[in-house]
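Here the structure is laid out as structure tokens; the discussion comes afterwards.
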Amino acid sequence: MMTISEEYVREFAEKGLRLDKRKADEFRNVEIETGIIKSAEGSAQVRLGNTTVIAGVKMSVGEPFSDKPDEGVLMVGAELTPIADPDFEPGPPGIQSIEVARVVDRTIRESKMIDVKALKINDEAVWIVNVDLHVMNFDGNLIDAGNLAAVAALATAKMPKYEDGKVNYDERSGALPVTTMPISVTTVKINGMLIVDPTKEEENAADARLTVSVKNGGNVCSLQKGGVEGFTVEELHKALQLAGDKQENLRAALK
């Protein structure tokens, strides 16, 4: 059952309007700060309107996966707790946190942002890169905010030294092997209106959601569909166009 505010969102969308008076293709203000966690190899905080996400990168050395012996390991996790929103529950990761982590992971992995082959140390050891997303405040669009935080943290991360079979976290050996900076742009459909960067109320009132992730140069590297309804061919083309246009602004904020 929808709340009164969500019903208003749908009524406004039917008229081509948004409650916060933004244009359909307008993102909220973006603020990115890096190096906020001194104990992490890389970190970043992203404020997207009233949504705040912190990303931390920690590295360790372990064995490679048996099916990918020449590659390092990249893993992304997301934590959504009641401190960020009363609708989030404590305990094991829920569906929303799993989806956010998987979409951000896929964006980074499919874009080949990190040259995982360069993370190989020898035949028995590789670098394992863990990216942890912590939501501090939630007002919609966790995927785009989480992606920006993860990419900023990875792009500024410094690898610890590995000597004589041990990791020395007190010294750094250089940056991660970054090849590109993937950006995700999430569009939702509400009563036939397509809008980017949805708030929490807009997400709850939406019929469908599409996240488009784009590499440097504008090439699409991944898609994620959400919601119960679908998109027409024309709407899909429009969502792709919005992603191509808006990723430039987000990339500028990232730099």
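Every read-out reported here was derived from the displayed coordinates using simple, explicitly stated rules and does not represent laboratory data. Bear in mind that the values here come from a model prediction, so they are computed numbers and not experimental data. Because the Cβ atoms are built from the backbone with ideal geometry, glycine has one as well, and the counts that use them run over all protein chains shown.
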Fill in the blank from the handout: Of the listed links K38/K120; K58/K117; K68/K158; K117/K225; K112/K158, those spanning more than 28 angstrom between alpha carbons are K117/K225
Fill in the blank from the handout: Quick note, region 1-63: a/c under 1.5 would make it rounded; otherwise a/b > b/c is prolate and the rest oblate (a ≥ b ≥ c, C-alpha gyration tensor); here it is prolate
Exercise for the section: Determine, for I128, I108, the number of other Cβ atoms within 10 Å of each Cβ, and report the residues in order from fewest to most. Expected result: I128, I108
Exercise for the section: Taking the Cα centre of the chain as origin, work out the dipole magnitude from +1 charges on Lys and Arg Cβ and -1 charges on Asp and Glu Cβ, in debye rounded to 20. Expected result: 680 debye
Problem - FRET efficiency, 1/(1 + (r/R0)^6) with R0 41 Å, evaluated for I95 and Q241 via beta carbons - result: 0.90
Exercise for the section: Assuming R0 = 45 Å, can you tell me the calculated FRET efficiency for the pair L17 and A118, based on Cβ-Cβ distance, to the nearest 0.05? Expected result: 0.40
Handout entry: Dipole axis of region 15-116 (+1 Lys, Arg; -1 Asp, Glu on Cβ), positive-most option in G49, I83, V103
Key = G49
Completion exercise
Of the candidates T199, T232, S213, the farthest towards the positive dipole end of the chain (Lys/Arg Cβ +1, Asp/Glu Cβ -1, centred on the Cα centre) is S213
Practice task
For N130 and S60, compute 0.36 nm times the residue count separating them, minus their Cα-Cα distance, and round to one decimal in nm.
Solution key: 24.4 nm
Handout entry: Dipole of the chain, positive direction: furthest Cα of N29, L17, V135, with charges on the beta-carbon
Key = N29
